[in-house]
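First up is the structure itself, then whatever we jot down about it.
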Amino acid sequence: MAASLRLRRLGAVAAVAGGAYFTLLSNPSIASSDRGSSPNLTALKQRISDPFASVPSRSVSESTLIGSSLANPLDILVIGGGATGCGVALDAATRGLRIGLVERDDFSSGTSSRSTKLIHGGVRYLEKAVFNLDYGQLKLVFHALEERKQVIDNAPHLCHALPCMTPCFNWFEVIYYWMGLKMYDLVAGRRLLHLSRYYSAQESVELFPTLARKGKDRSLKGTVVYYDGQMNDSRLNVSLACTAALAGAAVLNHAEVISFHRDEDTGRIVGARIRNNLSGKEFDTYAKVVVNAAGPFCDSVRNMVDNEAKPMISPSSGVHIVLPDYYSPEGMGLIVPKTKDGRVVFMLPWLGRTVAGTTDSNTSITMLPEPHEDEIGFILDAISDYLNIKVREVQ
């Protein structure tokens, strides 16, 4: 998400489909000063937008990294091939900097492929802005809406508008959510995807057949449907990496930083020792700046530099569960606006299945985190109150 501003300025994003690389290009205005003394911006745009352009091979990227030296270092070495790391690489490469990026596993193999698949416009920030009279929260809404629109415009093959249904079981909720989401439409302005609207109870169950009309001494009064974005998070991440490579960055997956090099006089980090996890080969790369974009593993990277570095990361677990497709209709999501402990749970169609989540609880850092039974139970309990089918876990 952080890279979408540069994507807007560049106007292109590369994508991977069926083993072939292709690009999409729009025609935004671009400040030539963004590139400084870099090669011609027009040539860069043409290279990225060329449907026949191919991403440099793995050996070429590795050779570029190996070819750096203390006398001729890269401008930036990025550690981590998730959304943040690839976004940094793309942003910097399109500004004319020499970039290297290494990822010890595969691009988007961690947190960046395990999201709720939503591109939020910041509707909950808007609620906080109104009730707390917080202009800072309102600015976040404007920024999130702008980024949402740009991501969808730049990668329409990976992102699209998704209607999300908010059930209302009393008339106060109908008025509250209708007014709040109409305000959301108003704030979105030209960035609006589609207008929100109210549906009666009968219309709602026709649109969402598994939605419960009655339950626990309450009856459905209707729903308010608004639109947010949905994305293929892992493919979007890979697209960022491919576009960065087309822009000149040397991106290499399955390459792990195992140690750092310091300048003997100043103590500054000037490079890293990298291991190719496919071949076992080790090599050195040098850079003026090293960016730590290792996500939840940032502290382990910091500890390579300073064993006594205090932890900065407070890891939390956001669990999603996958349900059969009949839990939600194709093209319509459901939002549980407030669970028993005040959280929000989404139930969204995804690749022929239904994804429900998420939780937010403290956890330990592991390569392959697994959900706890109580987290699974929390999600199932949250959505069961809103559905007319029995929700259960199959062992």
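For segment 277-310, the tally of residues that are surrounded by 12 or more Cβ atoms within 10 Å (Cβ to Cβ), of a type outside the set (D, E, K, R) and assigned to a loop (DSSP other than H, G, I, E, B) stands at 4. Pairs are defined by a Cβ separation below 7 Å, a sequence spacing of at least 6 or placement on different chains, a first member in segment 47-70 that is touching a residue at least 12 places away in the same chain (Cβ under 8 Å), and a second member that is in a loop (DSSP other than H, G, I, E, B); the pairs so defined are Arg47/Ala53; Ile48/Ala247. Residues in segment 199-218: is at least one touching a residue at least 24 places away in the same chain (Cβ under 8 Å), surrounded by 18 or more Cβ atoms within 10 Å (Cβ to Cβ) and assigned to a strand (DSSP E or B)? Yes; the residues of segment 199-218 include at least one that is touching a residue at least 24 places away in the same chain (Cβ under 8 Å), surrounded by 18 or more Cβ atoms within 10 Å (Cβ to Cβ) and assigned to a strand (DSSP E or B). Considering segment 350-395, and only residues there that are among the acidic types (Asp, Glu) and assigned to a loop (DSSP other than H, G, I, E, B), the residue that is farthest from Ala212 (Cα to Cα) turns out to be Glu370. Which one of the conditions (1) under 21 Å from Thr111 (Cβ atoms); (2) touching a Phe, Trp or Tyr at 6+ places or on another chain (Cβ under 9 Å) does Thr354 fail to meet, given that it meets all the rest? Of (1) under 21 Å from Thr111 (Cβ atoms); (2) touching a Phe, Trp or Tyr at 6+ places or on another chain (Cβ under 9 Å), only one is false for Thr354: (1).
When segment 133-176 is filtered for residues that are part of a helix (DSSP H, G or I), within 30 Å of Lys216 (Cα to Cα) and not aliphatic (A, V, I, L, M), the ones remaining, listed by number, are Trp171, Phe172, Glu173, Tyr176.
When Ile321, Ile274, Ile258 are checked against the criterion of being in a strand (DSSP E or B) and closer than 30 Å to Glu206 by Cβ, Ile321 stands alone in meeting it.
Each reported figure results from applying straightforward, stated rules to the coordinates on display, with no laboratory input. Everything numeric here is computed off the predicted structure, so don't read it as measured data. Because the Cβ atoms are built from the backbone with ideal geometry, glycine has one as well, and the counts that use them run over all protein chains shown.
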